[in-house]
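Colleague: Once you've had a glance at the structure underneath, I'll fire off some questions.
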Amino acid sequence: MKRLIGTFFAITVFLMLSFGYLLAAEAAPAGKGWAVYLGSGLAIGLSALATGFAQARIGSAGAGALAENRELFVPVLVLLALPETIVILGFVIAILILVL
């Protein structure tokens, strides 16, 4: 299982870097450097990876907690929704990098 997760992580990082490079190559005449587009792609991609990692841990622990006590549904649901703010903040940072 760890090998599968490592492979998935490597493929995801490769896709993030390649899409950032392709965006940089596409927008080179616009006057911005390639690092701007690579940085915005990394801001979204790495925040999405961190969110997925956090939600995997919270989801498995929440499923165990719900199996023992059904009254914990709302707190588990709130804890599952909190890591999504990381992706939203990554998206905002990426937009700020591209605009400024």
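Rule-based calculations on the coordinates, nothing more; no lab input. Remember, predicted model here, so these are calculated numbers, not experimental data. Reconstructed Cβ throughout: ideal geometry from the backbone, glycine too, with neighbour counts over all protein chains shown.
Colleague: GNM, the chain, Cα, under 10 Å: largest mean-square fluctuation among GLY41, GLY52, GLY90?
Modeller: Fluctuation is largest for GLY52.
Colleague: Mean separation of Cα pairs under 8 Å and 6+ residues apart, divided by the residue count of the chain: what relative contact order is that in percent?
Modeller: Reported relative contact order: 30 percent.
Colleague: Please give the length that would be gained between PHE73 and LEU4 if that part of the chain were fully extended, namely 0.36 nm times their separation in residues minus their C-alpha to C-alpha distance (nm, one decimal).
Modeller: My answer for the length gained is 21.8 nm.
Colleague: Next question, about the same structure. Pop a pseudo-label 7 angstrom from the Cα along the beta-carbon direction at both SER18 and ALA35 and give the gap in nm to one decimal.
Modeller: Going from the SER18 label point to the ALA35 one covers 2.5 nm.
Colleague: What is the extension gain from ALA61 to LEU100, computed as 0.36 nm multiplied by their sequence separation minus the C-alpha to C-alpha distance, in nm to one decimal?
Modeller: Stretched out fully, the ALA61 to LEU100 stretch lengthens by 10.0 nm.
Colleague: Size of the dipole of the chain about the Cα centre, Lys and Arg at +1 and Asp and Glu at -1 on the beta carbon, nothing else charged, in debye to 20?
Modeller: 240 debye
Colleague: Pick out, from GLY90, GLY62, SER18, the residue whose Cα sits farthest towards the positive end of the charge dipole of segment 2-99, with +1 on the Cβ of Lys and Arg and -1 on the Cβ of Asp and Glu.
Modeller: Value computed over the given set: SER18.
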